[in-house]
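The values are calculated or read from the model by the stated rules, or taken from the named source; none is laboratory data. The model shown is predicted, which means the values in this text are computed figures rather than measured ones. Virtual Cβ from ideal backbone geometry, glycine too; neighbours counted across all protein chains shown.
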There are 2 protein chains.
Amino acid sequence: MSKVTFKIIKRSNSSRARLGVLHTPHGDVQTPAFIFCGTKANVRGVTASQLHELGTQIILSNTYHTLLQPGIDVLREAGGLQKFTGWNGPMFTDSGGFQVFSLGYGGINAEIKGSRPYSGNKTLLSVTEEGATFRSYINGNKILLTPELAIQAQVAFGADLIVCLDVCTPHYVHKSFTSEAMLRSKRWALRCMTELKRLGSEKQALLAVIQGGIYEDLRRESADFANQHPFDGFAIGGSLGVTKQQMYDITQMVCEMIDPERSVHLLGIGGIPDIFNGVKYGIDTFDCVSPTRIARHGIALVKSNENPLETGNNMNLKRSSFAHDMTPIDLNCDCYTCKTVSKAYINHLLRAGETLGGQLITLHNIRFMNKLMEDIRDAIANDTLEACQADYC
Amino acid sequence: MSKVTFKIIKRSNSSRARLGVLHTPHGDVQTPAFIFCGTKANVRGVTASQLHELGTQIILSNTYHTLLQPGIDVLREAGGLQKFTGWNGPMFTDSGGFQVFSLGYGGINAEIKGSRPYSGNKTLLSVTEEGATFRSYINGNKILLTPELAIQAQVAFGADLIVCLDVCTPHYVHKSFTSEAMLRSKRWALRCMTELKRLGSEKQALLAVIQGGIYEDLRRESADFANQHPFDGFAIGGSLGVTKQQMYDITQMVCEMIDPERSVHLLGIGGIPDIFNGVKYGIDTFDCVSPTRIARHGIALVKSNENPLETGNNMNLKRSSFAHDMTPIDLNCDCYTCKTVSKAYINHLLRAGETLGGQLITLHNIRFMNKLMEDIRDAIANDTLEACQADYC
């Protein structure tokens, strides 16, 4: 029996949006929730106590990076990621598959997301039924990532929500390639489930990844398989097409295929309009590097109607027009940054090349995302999700 | 009348060490105190609230950098450095002279400190009786830094303790050059005093810089001048020789020359043994970039007897031997870093190139320096300064 449970509290009348609670040994996560990316066992520039102060519920660590450095042994000695990092709240780890395949294909995630064409293998050496062999970017060592190793690593890391190793495919491949990858992902998911049982670890919730790219029949086969096995939840992975509309259509389609009682995670998506649409399709959790990554590049997240110089939610604080702006990023925001300093100060830090500039925006963007999800949950409770979306987008 | 006052509470029986209080409009500073460097209007990687939590009393901002960016106008609009940065405690600004001359001489501070020979002017264009003309490293503009501008800038920045513009000389120059610089520094100091009066700013304490390099007669002339005029305190600047012993000798010599009732700042010195010796000569405040700079390079400050792998106070957390060390930097330290994470975690972050590693060490080093000064003050109160020094060094 997994100690992680998911309970749906309320379903919206007007969409598939739902309020839920992910109960974990490290605390509850109110859903819909946003999961911040702590790629290399840290959210860049932010301490665990700052994450807590900003109302953060849950953090993601990447198994791929953590496996290569500091490695399973160090994490076992530390007693898991929570003890190692000082973040004692709920944690999510991915399987490592996405990085092995996307970095292996020579890019980061652009190919799998569909925005850049396939450019040939770089660090991915071979994929067999046993697993995927790749070169470590740290020391060049060959590593065979099997479904069993992905589970062993995630159990050693001690996350609450863990993910089956899957075969990720880029967008620009033939359907047969995507189909074979989906079929192998099914077999690997069963091996993951077996390995988790063999390890006797009863804390983790295991998520099956729904693969199948842009193809309805493949997605359905993947969803049917996941529905028929006792996975604790689902993660939607693989190519979601090349346009926003395609991403929305595929997400909606998959959400309608899967067991509506289990939790659903949408891998790697975190744009504000994308989150609203995902929530309406029934997505419970999202993760994305974007809110914290753009912060380090000087971009603060704001409601679109509070962003007079730009369209959308991204406010570029490097603009010279902010050099004399003595108001905070958002007068209504309760984050440390907005309560303490002005856009002019952040603009100065960014232009001076001081990392504190990006750190202060990171604090704001984390708070912004947490507040966004709070507002979305309130809106589901009050059946005002459309108004909430209009307020933000 | 300056609103900043300095009161000596206790003098040591066994040395010139003293306990004091610098009362400022932004709060009291218990002395001896360490002043952390916030070069470009921020202590790198640390928020103002973190500085407060770590028991920080006072911060230094560099006039040279702040003058070039964001500039006086922005600081005036912001209402001063405290409002701009969110640090609402006591603040110290230097005059900008040290940077104009030391960067002008082609290095950073090595020449003036004596460790590197004079290598010819780089950005310093000319020095006349009026002031020093240099090129901005931001945009190449020519800037004439006069004693009046140095005071206007520091008043606009709103620091509590401000410093007269002086002519800094490197170590490797003829005595006559050092003598002329000292004489000009006297004339500039009077112009600074006049300008502060003219501006009608009554909040700031104005410190005279004691110049004269390694020459007793020049130091005495500089000290006599400062004693005879109503400066609120002194700062010891210029070359302190090339060896540690010379630095100690000159510091001691100058301390014995100056009015013992006024506060004394030792510019740019912050090694642990140097602080103990300085305190014994009668120094009240110190500043140095070292504790925060070395942190960003992976070096944590510890008591020497808690540093088994190295001599002195610097613990290099990048050492591979720390990769599996699950204990904190210092079990007895009450800083966030030591209460939350291990050396292994910091070692991982440093090796992964994550800025959080340096940030976590910065938090520790700030707490270490604040605790050091707390312990020094307790030791002066209890006449146990030698035992305290033996404990740390």
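Of the numbered criteria (1) part of a helix (DSSP H, G or I); (2) out of contact with any Lys or Arg (no Cβ under 6 Å at 6 or more places or on another chain), the one A:LEU240 fails is (1).
B:GLY298 meets all of the listed conditions (1) within 14 Å of chain A (Cβ to nearest Cβ); (2) at positive phi but one, namely (1).
Being buried (at least 22 other Cβ atoms within 10 Å of the Cβ) and small (Gly, Ala, Ser) is a property that holds for B:GLY213.
Out of A:ILE366, A:ILE380, A:ILE361, one residue alone is under 20 Å from the mean Cα position of the chain (by Cα) and more than 18 Å from A:HIS324 (Cα to Cα). It is A:ILE366.
Condition check ((1) among the hydroxyl-bearing types (Ser, Thr, Tyr); (2) within 29 Å of the chain's Cα centre (by Cα)) across all residues:
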residue	(1), (2)
A:SER290	yes, yes
A:GLY298	no, yes
A:GLY312	no, yes
A:ASN316	no, yes
A:PRO328	no, yes
A:ASN332	no, yes
A:THR340	yes, no
A:ARG351	no, no
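Kindly indicate the residue of the range A:20-43 that is in a loop (DSSP other than H, G, I, E, B) and surrounded by 23 or more Cβ atoms within 10 Å (Cβ to Cβ) and also farthest from the other protein chains (Cβ to nearest Cβ) among those meeting that condition. Ranking the candidates gives A:PRO32 first. When the residues of the range B:44-68 are narrowed to those that are at pLDDT 95 or above and surrounded by fewer than 20 Cβ atoms within 10 Å (Cβ to Cβ), which ends up farthest from A:GLY353 (Cα to Cα)? By that ranking, first place goes to B:GLY55.
Only residues that are more than 30 Å from A:HIS26 (Cβ to Cβ) and assigned to a strand (DSSP E or B): list them for the range A:133-170, please. Within the range A:133-170, A:THR133, A:PHE134, A:ARG135, A:LYS142, A:LEU144 qualify.
Give the range B:45-90 a look and list any residue that's part of a helix (DSSP H, G or I), touching a residue at least 24 places away in the same chain (Cβ under 8 Å) and either away from chain A (no Cβ under 12 Å) or acidic (Asp, Glu) (or both), or say none. Matches in the range B:45-90: B:GLU53, B:THR63, B:TYR64, B:LEU67, B:ILE72. Note on the range B:284-393: enclosed helices (runs of 4 or more DSSP H) holding 3 or more residues that are under 30 Å from A:TYR137 (Cβ atoms) and not assigned by TED's automatic domain parsing to the domain that holds B:LEU19 are B:290-296, B:343-351, B:355-382. Is it fair to say B:LEU349 is within 14 Å of another protein chain (Cβ to nearest Cβ), in contact with a Ser or Thr (Cβ under 7 Å, 6 or more places away or on another chain) and either at pLDDT below 95 or crowded, with 19+ Cβ neighbours inside 10 Å (or both)? No; evaluated as a whole, the condition is false for this residue. The residue pairs whose first member lies in the range B:353-366 and is more than 8 Å from chain A (Cβ to nearest Cβ) and over 10 Å from B:ILE299 (Cβ atoms), whose second member is assigned to a helix (DSSP H, G or I) and among the small types (Gly, Ala, Ser), and whose beta carbons are closer than 8 Å, counting only pairs six or more residues apart or on different chains, are B:THR362/B:ALA295; B:HIS364/B:ALA295.
Looking at the range A:276-295, is at least one residue of a type outside the set (Gly, Ala, Ser), more than 27 Å from A:ASP28 (Cα to Cα) and modelled with pLDDT of 95 or more? Within the range A:276-295 (the criterion being of a type outside the set (Gly, Ala, Ser), more than 27 Å from A:ASP28 (Cα to Cα) and modelled with pLDDT of 95 or more), the answer is yes, since at least one residue qualifies.
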